[in-house]
Each structure stands twice: as structure tokens, then as C-alpha cells.
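The values are calculated or read from the model by the stated rules, or taken from the named source; none is laboratory data. The shown structure was predicted, so the numbers you read here are calculated from the model rather than taken from an experiment. When we count neighbours, we look across all protein chains shown, and the Cβ atoms used for this are built from the backbone with ideal geometry, even at glycine.
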Amino acid sequence: MNSQTYHKSMALTGEPPKSLSIAQKLAVLLGFSGMGILLLAIFNVNFPNKTLWLTMSLLAISIGTIWFSWDAYSQKIPGIKNDGVWFKSISSRGLWAWLAGLALTGFYIVLYFYPEYLGLVSEGDNKGVIGLFDPLSKVLNGNPASQWFVYGTLYTVAILVFGIKFLWKYRHNRYERLRTWSVMFFQLAFAFIIPELMARLNGHKILDGGSLPYYDLKNIWPLNYYNFESYRIKAFLTSGEIGFALLIFGILSIFVITPILTYKYGKRWYCSWVCGCGGLAETAGDSFRQLSDKSTFAWKVERWVVHSVVVFVTLMTTAVIYSYLGTDTSKYWLTKSSFLIGVAVLLTLVFGWAMIFKRDQLQKDAQYGAIGYFIIIIALISFHFFSGDGEVFLFKSGTLRKSYSFLIGSIFSGVIGTGFYPIFGSRVWCRFGCPMAAILGFQQKLFSRFRITTNGGQCISCGNCSTYCEMGIDVRAYAQKGENIVRASCVGCGICSAVCPRGVLKLENGPLDKRIDSNQVLLGNDVDLMTLVNKN
Amino acid sequence: MEHIVIIGNGIAGVTAARHIRKLSDKKITIVSAESEYFFSRTALMYVYMGHMKFEHTQPYENHFWKKNRIDLIKGYVTNVNTKEKFIQLDCAADLPYDKLIIATGSKPNKFGWPGQDLDGVQGLYSKQDLELLEENAPNNNICKRAVIIGGGLIGIELAEMLRTRNIPVTFLVREKSFWNSVLPTGESEMINEHIREHHIDLRLGASLKQINPDENGRVKSVTLIETGEEIECNLVGLTTGVTPNIDFLMDSGIELGRGVKVNRFLETNVDDIYAIGDCAEQHEAIGHRRPIEAVWYTGRMMGETLAQTICGNRMEYKPGHWFNSAKFLDIEYQTYGWVFSEKRKKENEVHFHWKHPKEKLCITIAFDKVSETLLGINTFGIRLRHEIFDRWLSESKSIDYVMEHLRDANFDPEFYKGFESDIVSKYNSDFTKSINLKKKNLKRIFQLN
């Protein structure tokens, strides 16, 4: 019966005024001239006064971007500004989007694997674009720049200037504005300035002459997957009380602070208020949020991939810590064996709690996945006790660490995660790759007061919420049934609520009771009927 | 296996199909001439505005229908044979049914204006209308000016759409103020202001006399009744409401009024034939509702109700408290219960009105003069919690109670500035009361005790 009739694609050419105003053209010119300076530096054009040229370059980029946004939003009445999003080449996977994607991807590949092309010199003065950043680096931390310093500076500039753009775009929405101020602050202070200043303490007597590792305090394990590696632990432990406090803070961050905040506010407190990856996605990536894949297929892939990364990072970290621990309890209380037992107990507790108390909230495949992975981890851990040769796991910890750092740390989070913003949307890394987001999401789904409340029967299924969800959640699928949205992946950016034309969605923290109500609570109909409909 | 045929794949027909599938194993076929898959009609405007692509307006992925064994036929129903129980299609063989659900929605009104069928004159209802609009008004070179006739919800949406492409719009509203047959004066005037703020040439008290053609049979201009003024334009949007889309049923023997006549069980005069959504007309209006309700939510509710009946649990259509919402350019509007305009207001209905001194925010609460029970609320620019107002209306709360607990009902995003204390102090001074506003209480809101 299903007649496959000829499908006439809607010939919607779409011709809104998408051309740029004169001011915007000038702004683009200014911004690109700033980029041009950096590009010339990459090709080893030697600028005589580096401080001046770097300042000019960064100012030109910033002012160009801010001017462009000012021209776009300042004269408009506050409200949702998505006109023409799907007509513009850059935001609808057009030519400009592909070019930008290629440029970004190329930049990441060079940054991670060929920093010498950026002018990195291991002994002596840097050249090229890294050399251009030397003066700024010396002012902040006293040392010449590295490729990471260049990247960190540009990253911070991007969050700040696109943050300003976002503040104008959503100036009617206080939730969005506060959230954006927050990510701008955390990027500037915690990710950029504080670690650089901390580097100045190195060798100081306050650290007992020790040297702290580079530490962005808001960067928590497992996002900061290297935090417990031996060189860092040694550095922490040889840097006096401050070093020790930082190590304790690192451990508390993941085991105490994070669970409490996520219980109270959902994972948004981190993912869209604090995190640097989230910060970039929310500001520079805002123009690409609509590109995320909403299909149920993508959702399946997401759940398998992101949770596999969690397993990977857990194994890798366990192996790395294991590798540098001793075996003699009389020398140090924490040994290879006691550490592994501790990990096994902790994982068993979490697994047992979820499977016993929260099983009804886990889908079948999630349960199978959890059981499978749990068995694998426990088997690998017990390998240590049965093999008797002091090896853990089937792999060397160094190999695991290197593969993780390459596959996840560089390729996934950088090259794909950010490089492909204009193609796959702004949260590819957060959605498919980030182990931190997955752990917070696990808790958000099972033990948090946060939910997006659906407002009775007001949904008209228009699809704005789903379209603009950067995490690819099909928000409408819940809203049109009158169901609250409680999803592990939701980062609480609040855009679904903002773009809803009928006031249907509200992010809020409330009692756990009735938070996930899989019943359809659509209002407006006869009460008796609703009881029947809810019976399923 | 019983075969249920549904004509129309809008929200009413699709909701019915989904719920019938939930409750039974019956064979279900949906016929639509408009589109292959269900889409949200209310979202068409966003496609023209570039907020979404057409596929984003489809609430279910294409594999959903097969998975749920709901057959889809794209075709136009030319005739319903009620005796032998089959429908005739323009593009496929006759389709026999055991039960037939008519859910064909509406079509734009045309009131016999001279020139109403010229090229460049159109309504805005269907997917085809949207495609036509892309031809008639792709940009402001081809469409130098558009004139919109009729000051209702679709008219203002069309104006908003055209403005996103910088097309000059003249908006003719017959009434003295925008949508004032429904909205009280204060609210209606605020919307007038907002329309003009968006550089839309709003003409109040202006009606269409005729649409004038050029030599090619395209619209050239319109002439107004009141002033005789002629306005040159390339597009005329007819947005003076909708009427049930039921012409194909003329000789079917199914009782028709303006729509398909149904009883409270959504049954027509012919056995095993039902009508739901925009095209259904109640013999007698339910409460303050109109006999034909062309609203998204009522279409959905009728679909839910009829699915019960079809699956052996004969059920009356009993909509609960009225609610609705809309967005006027940048201003969101919600309503719960009944707030009537001055024209339609009953003797016993008293209004309390508050408007923000600067911003475009206001509310109107209607209550009974004698008992002081809540009758309804309109809000503009402030979101309200549906569940709370539904509960307050069911429990016949007094206006004083509503004022006292107003914070519980707010549904604005977090950190939004609340205006409850301003609202309550205005209420206290208007009605010489001394209500103390209570703090927001999660236990009350979520009814935990």
C-alpha cells in the first residue's frame, strides 16, 4: 500500500538578504588583515617589533569580529536571531563552511604534529608565528612561547570576542548572558592567566624549590587525562604544601566536587558554564549548533563511542598509575595491589548501584554495554593477581597512554572536535568523545535534580528546539509528548528553551520525585482520557 | 484485520494513527495529497525565514512509519463511497476501509473579492502555499511590496516572514486594532506598537475593496474601501482565517455544515465515519469554544480521543480548560482559561491588567465579579506554567489566591527578572486589596506532600 510517489524536493531557493553590509565587509577585511599578519609570520616574515605586530594582529582580529557582530545585532529588536541561518553558506555546510573546516583541521594537524612549521625551536629563540608570541609569553610566565601558548592565546581570544557576539545576540535572555560571562571568565582567568602566573612560582621557596606542572584548575580528570601521570605526581609532591593541595584538589574535583554540583544543577554547571571546550563551542561554535545530527542512529553511535572512551581512559589511567607504584607496603601505603583493589571496589560499587537501584532508567543495550565493559575491566585488573609477573592488562601502560593521547587527546578533541565545527556542529567532541561529559552525564541521568520541564500541552512540534540542540537531542520528541527531557548528554545550554516560540521548555532543578515521568502528561484533554493514555 | 483509513496527515490524523497503533494491531493507512510525511504546519514559517530546513519540520524520522506499520499514500481523495465503504483516489486504485477518519484540515478563506484568484494572490496554510510564496516573494527585487489582508495569527506571521527578506509589507487590518476581537484593548494596542516597531506598514480600520491585475493577469495593486487608496504590490497575502477543507465530500451523504458535522463522539451521521481536527464541526459548541476549532492542540486532543473510540472504548471528546499560545514577532503570548475582548466580554467578567512601563510585557487576568474566581489569564512576554493554571482553574481558585501564588506559575528561564511584585502591587492598588506575594515553592509546584 505504501506508494512510493515521486518525491519532489522543495525547491526552496531561499533568498533572504544574506549579503553583508558595508560595515560588515570592512569588519571582515579588518579581521582577515589580523589573521594575515599571523599567516605572514608562519611563512617566516620577520617582524621587527614583535610586540607591536602581535598587538595589532590580535586587535584587528578582535575588533573585526566585534564590529561585525555589532553591525549584525545592535540595530535589531532583542529576540531570536536565526534568520537565514540555513541560507548562509557558512552555517549550512556550504562552500565557506568546507573551506573553514579544512583550514581549522589543517591548523590542528600542524599544531599537534608539526609545531616546527609554526616556528617552534627547542633550543634558542622561536621563529615564525610562535616567535611572534614570545614577548607576550615572557610577560606572563617569563619563558618563550610554545605552540600551546599560541593556541591558548588564540583560543582565549576566540571565546572572548565570540562571547561578546553571543551576549549581543541573546541580550534578551539572562540565562544565556550569565552563562556566557561565566565561560568567558573561566577561560580568561582559569585556563589562561592563572596557569601562566603559576609557572612564575616555579623554583620559588613557597614551593620548596619545586616546579608545578601546568595546571588549568577547572580541567578535571578524565578530561585532563594526564593529571595523575608520574611526572605530574612527582611535581605535585615536590612542590611543598601548595603542590600537595593541588593534587588533593585534583582528586576531590572528580570524586567530591563534581558529583555534588552535578546532583544540584546537572552537568551544565561544568559543560556550559565552566569548561573550555564547552566555552569555545558555545561562543565561536554558536553559528554551527544546528548542524548536529539528530537521528536515532547518531544517538546510538554516540552512546557506544563516548562510553567506550570512558572505559579507555579508566583503563589507561589505572595502568599508568599502576606502572609507577611500588609493591612494598612498608615503603608506601599505596601499592600496585592495593591500588587495583581500590579501583575494582569503586567500579563495582558504581556498577552495582546503577544496576540495582537505577536499572529501570537504563535501556537494554546500555545494561548489556555496562555489564560487558564491567567484566572486561575486572578481568583485566584480576590479570595482575593471576599472572603473578607484575604485569597489568595485556598492554604496556606507555602504549595505552600514547594511543589515548593521540587518538582521543589530539585527533578526537582537536582535529575532529573543533576542526569540523562547520560540518558536524559545535559539540562533536563533547557528545561523542568527552569522557568527562559522559561521567557527568551518567550522573545527570541517574542522580540529579536537573531536568528540562515540558510545559503541559503547549508544544506545536515545530522543531526549533531539536534543530538548535547542539548535542543532537531530539528535544521535540519529548516535548510533543508532554514528557520532561532527562538526557545524559544535555549540557544545559538553554538554547532549546530560548528558541521555543511557545514557551514550552524550562531548564530547572527540582525534586527527584517525578523528575523522569515517562507518562504522557499532555494537558488540555479530559482527565479520564489522560489516565487511559498514560496506562500504555 | 480491520482497516482504518485516515484522510489527512496533519496533527489530528497522525495523532489518531499513533494512538490506534499503541492500542491495537489494526491496519492503518494515511492518505495525504499535501506531503509524503507528517510535518508541523505551524513551522512552515521558519523554513521561509531560514531558521529550519523543511525536513526539520518533520517530527518523526522517515523510518518511523514503516516500523509502526502505518501505511502512507500520497494522493488526493476524489470521492468517498459510504455505501460500499471505499474511497477513490486520483492516483491509485480505490481503497476500501472499515472505518474512515476525515482529518483534512482547512484552507484559506476567500470572501469573493474581485481579483482574489490572480497570480500573486495567495494564502498561507499548506506546504504548497509555502512553495508558492518562494515563487511569488523570493526577495525584494521580485516582490517590491507585499500587502497582507487580515489581522490574525497567520497575517502577522506572514508579515514577519516577509520582513526577514527585507520585503516592504503593508498590513491591512479591518478592525480598529490588531486581533481585538480576541484580545483586550491594552494587549492589542501593545501588539500594534510592536508591529510598527518592525517597520511593517500597519493600516488599522482598512479593508480590501479589490485586487487589480496587470496585463499578464498578475496582481498589480490593491484598492482600499475606506480611502479608495491604491497600493502597488507584487504579492497579496489573504490571511482572513480558514475554512474546513471538505469540498470532496459534497455528494458523499456525509452531513456537512461549514465543516463535517460531528457529535461529541466525533462521529458523523454515517456509521464508521469520523471527523477530527480543523475540519470537524460540533453540532453544538462545547463551553465557550467555537463549533469549529482550528487549533493545533485541539486537533491533537481529538486524535487521542477518537483512537480510544476506534479501539473499542467509545469516548466523548471532552477538552479540558482552554489554552493556546502564539508568537507575535518577538512577543510570546500564552493564554489559559478564558479572557475575552471588550466586544465579547460577559457581564460578570472583570479584568485586571498590568503592563510594564517600558518593555513589551503585560498580563490580563479575568475573574468573576461576584465570586472572584479565576476565569483566565493572558500573558505577553512572560511564560506561565500550564500545569499550575490548569490546576487553579480546575480548583476554581480565587483571584486573590492566584495573586498570592503568582511566583509558582512563572515559567520564564532561570535568572529572568520576575515582575510578580510589581503586578501584585498594581493589583492591590486597583482593587484595594492587601495581598502579600508568597515565595516560589517547589513543593507546591510539583505537589509533593
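A few points about this structure:
- Some residue of the range A:190-205 being at positive phi, surrounded by fewer than 17 Cβ atoms within 10 Å (Cβ to Cβ) and either touching a Gly at 6+ places or on another chain (Cβ under 9 Å) or at pLDDT 85 or above (or both): yes
- Taking the criterion of being part of a helix (DSSP H, G or I) and free of Cβ contacts under 8 Å to residues at least 12 places away in the same chain, no residue of the range B:402-418 qualifies.
- Single residue of the range A:53-78 satisfying the filter (surrounded by 17 or more Cβ atoms within 10 Å (Cβ to Cβ) and of a type in the set (Gly, Ala, Ser)) that is modelled with the lowest pLDDT: A:72
- The range B:44-73, residues that are closer than 16 Å to residue B:27 by Cα and either touching a Ser or Thr at 6+ places or on another chain (Cβ under 6 Å) or aromatic (Phe, Trp, Tyr) (or both): B:64, B:65, B:71, B:73
Conditions (1) within 25 Å of residue A:79 (Cα to Cα); (2) away from chain A (no Cβ under 14 Å); (3) not basic (Lys, Arg), marked per residue:
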site	(1), (2), (3)
B:161	yes, no, yes
B:175	no, yes, yes
B:180	yes, yes, yes
B:192	yes, yes, yes
B:196	yes, no, no
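- Counted residues, the range B:34-53 - those being within 10 Å of chain A (Cβ to nearest Cβ) and either in contact (Cβ under 8 Å) with a residue 40 or more places away in the chain or out of contact with any helix residue (DSSP H, G or I) (no Cβ under 9 Å at 6 or more places or on another chain) (or both): 11
- Residues of the range B:108-155 classified as touching a Pro at 6+ places or on another chain (Cβ under 9 Å) and of a type in the set (Phe, Trp, Tyr), total: 1
- Condition met for residue A:174 (surrounded by fewer than 19 Cβ atoms within 10 Å (Cβ to Cβ), within 26 Å of the chain's Cα centre (by Cα), modelled with pLDDT of 90 or more and not acidic (Asp, Glu)): yes
Residue by residue, here is whether (1) at the interface with chain B (Cβ under 8 Å from one of its Cβ atoms); (2) at pLDDT below 95; (3) under 30 Å from residue B:46 (Cα atoms) holds:
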residue: A:447; (1), (2), (3): no, yes, no
residue: A:452; (1), (2), (3): no, no, yes
residue: A:456; (1), (2), (3): yes, yes, yes
residue: A:470; (1), (2), (3): no, no, yes
residue: A:497; (1), (2), (3): yes, no, yes
residue: A:517; (1), (2), (3): no, yes, no
residue: A:522; (1), (2), (3): yes, yes, yes
residue: A:532; (1), (2), (3): yes, yes, no
residue: A:535; (1), (2), (3): no, yes, no
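- Condition met for residue B:327 (in a loop (DSSP other than H, G, I, E, B), within 11 Å of chain A (Cβ to nearest Cβ) and crowded, with 16+ Cβ neighbours inside 10 Å): no
- Any chance residue B:332 is closer than 24 Å to residue A:178 by Cβ, within 14 Å of chain A (Cβ to nearest Cβ) and free of Cβ contacts under 8 Å to residues at least 24 places away in the same chain: no
- Residue A:317 vs. criteria crowded, with 18+ Cβ neighbours inside 10 Å, within 21 Å of residue A:251 (Cβ to Cβ) and of a type outside the set (A, V, I, L, M): yes
- Count of the range B:336-350 residues, restricted to those that are in a strand (DSSP E or B) and over 17 Å from residue B:370 (Cα atoms), is 2.
- For the range B:94-116, filtered to residues that are touching a strand residue (DSSP E or B) at 6+ places or on another chain (Cβ under 9 Å) and either within 14 Å of another protein chain (Cβ to nearest Cβ) or free of Cβ contacts under 8 Å to residues at least 60 places away in the same chain (or both), the residue that is farthest from residue B:268 (Cα to Cα) is B:94.
- One residue alone among B:142, B:154 is within 10 Å of chain A (Cβ to nearest Cβ) and of a type outside the set (Gly, Ala, Ser), and that residue is B:142.
- Every test in (1) facing chain A (nearest Cβ under 10 Å); (2) closer than 22 Å to residue B:377 by Cα is passed by residue B:294 save one, and that test is (1).
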